[in-house]
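Below you'll find the structure, written out as structure tokens, and then a few comments.
The values are calculated or read from the model by the stated rules, or taken from the named source; none is laboratory data. Fair warning: this is a prediction, and the values are worked out from it, not measured in the lab. Methodologically, a virtual Cβ is constructed for each residue, glycine included, from the backbone with ideal geometry; neighbour enumeration extends over all protein chains shown. These area figures cover heavy atoms from the full protein model, side chains too; ligands, DNA and RNA do not enter into them. Shrake-Rupley method; radii C 1.70, N 1.55, O 1.52, S 1.80 Å.
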Amino acid sequence: MARNNNPKMQKTQLLSTRQSQLDEPDDEGRWSLLQLAAAQGNLCQVQRLLAQPMDPNEPPKGYYGQTALQAASYNGHFAVVEMLLMAGADVNAPGGNNGGRSAVVLASRAGYVNIVSRLVSAGANINCPPHPYAGRTALQAAAEGGYIELLRWLLEQGADINTPPAKNAGRTALQAAALEGHAEIVEILLHHNAYINAPAGRYKGFTALQGAAFGGHRQIVRQLLDAGAHVNAPGSYYNGYTALSAAAECGHCEIVQMLLDASADVSLTSGNKKWTAAQIAIFRGQKAITQIFQQIKQPERIA
């Protein structure tokens, strides 16, 4: 499915995601008073709590927990970020178990250039390797979110454009931008020599071409093919796709034809189920795509 490019809708979805994290069951993410106040941008409450005194580095709890600095950074509360840094907050502390994202990665995913800049000036490591489970670097997060200004700034600061993806549900910067349909960012990354054929992560990964095909981003598929993307690159072992099977899975007829015209191999299997693109199309009820595969002339068998 293509990314919703309506800014108001994106903001609403982002706020909904943040609120759902705060509303987790007690056994998943018990947020401290300081962490809650930081997430909500309650500067007076943060000031009162730090004056007790209170440790600004209370660790995150549960899968989606965040330190106070991470919570303030993700929710765009610059003044709270400043106060926490002055109180000794660890700018490079890892986040909860689900992604382990540091403050600068969370701020990058939300697109807050001013907060990212402040965190970097305070010593945030923009090239810290991503957490194995769904982790991101700052650049990968900015590319995924579609934040062009921030992405350019991170590149100027020396962000590694080709950091490998997390092992589980990871994305390189180019893979993230391609999957999410950010054509301008794809162009910028290619211009800066992003590795176009970086392999998909072992679990729930995509190559850049596979991601664009899965997302239905025809322009990006064309960009990547023209730039030399391997049309028959193998997919992830778990929940993986070739580019052709990714397009077939989601019913993108034009992209299926583009890939076939680029010599996509219809016999290749992918993922832990080891299905061909045609088998996936049949299973998903993609009748138009199934017809395309049926019309492909099969090689004659020798008697």
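What is the Cα centroid distance between region 126-172 and region 59-102, reported in whole angstrom?
Here the answer is 18 Å between Cα centres.
Would you report the distance distribution of C-alpha pairs in region 74-139 as whole percents per 5 angstrom bin, up to the bin with the largest distance?
For region 74-139, the pair-distance distribution reads 4, 20, 32, 26, 13, 4, 0.
Net charge around H131, counting only other residues with Cβ within less than 11 Å of its Cβ (Lys, Arg = +1; Asp, Glu = -1)?
+3
What net charge do the residues around N272 carry, taking every other residue with its C-beta under 12 Å from that of N272, with Lys and Arg at +1 and Asp and Glu at -1?
In short, +4.
Heavy atoms only, probe 1.4 Å: what % of the accessible area of the chain goes to carbon and sulfur, would you let me know?
51 percent
What does the accessible area per residue of the chain come to in Å², with a 1.4 Å probe and no ligands, DNA or RNA counted? Please report the intermediate quantities before stating the final value.
Numbers: 14750 Å² over 303 residues.
Here the residues of the chain average 49 Å² of exposed surface.
If a/c stays under 1.5 just call it rounded; otherwise compare a/b with b/c (prolate if a/b is bigger, oblate if not). Do that for the chain, with a ≥ b ≥ c from the square roots of the Cα gyration tensor eigenvalues.
prolate
Would you mind counting up the charge near A262? Only other residues with Cβ under 15 Å from its Cβ, with Lys and Arg at +1 and Asp and Glu at -1. Provide the component values of the computation, followed by the final result.
Values: positive: R218, R222; negative: D226, E254, D261, D265.
Around A262, the charge tally is -2.
With the cut-off at 1.5 for a/c, could you classify region 201-296 from its C-alpha gyration tensor as rounded, prolate or oblate?
Working: a/c = 1.58, a/b = 1.06, b/c = 1.50.
Oblate.
Give me the extension gain from D261 to Y63: residue separation times 0.36 nm, minus the current Cα-Cα distance, reported in nm with one decimal.
66.9 nm
Using the basic label-point model (7 angstrom from Cα toward the beta carbon), what is the Y237 to A288 distance in nanometres?
That separation, rounded to one decimal, is 3.7 nm.
Express in nm, to one decimal, how much length is gained between A51 and N193 on full extension, taking 0.36 nm for each residue of separation and deducting their alpha carbon distance. Could the numbers behind the result be given before it?
Numbers: separation 142, 0.36 × 142 = 51.12 nm, distance 4.87 nm.
My answer for the length gained is 46.3 nm.
Could you please tell me the mean projected area of the C-alpha convex hull for region 116-155, averaged over all directions and given in square nanometres to one decimal?
Mean shadow area of the hull around the Cα atoms is 2.8 nm².
At 0.36 nm per residue, minus the direct Cα-Cα distance, what do L33 and E149 gain on full extension? Give it in nm, one decimal, please.
Net length gain for the segment: 38.4 nm.
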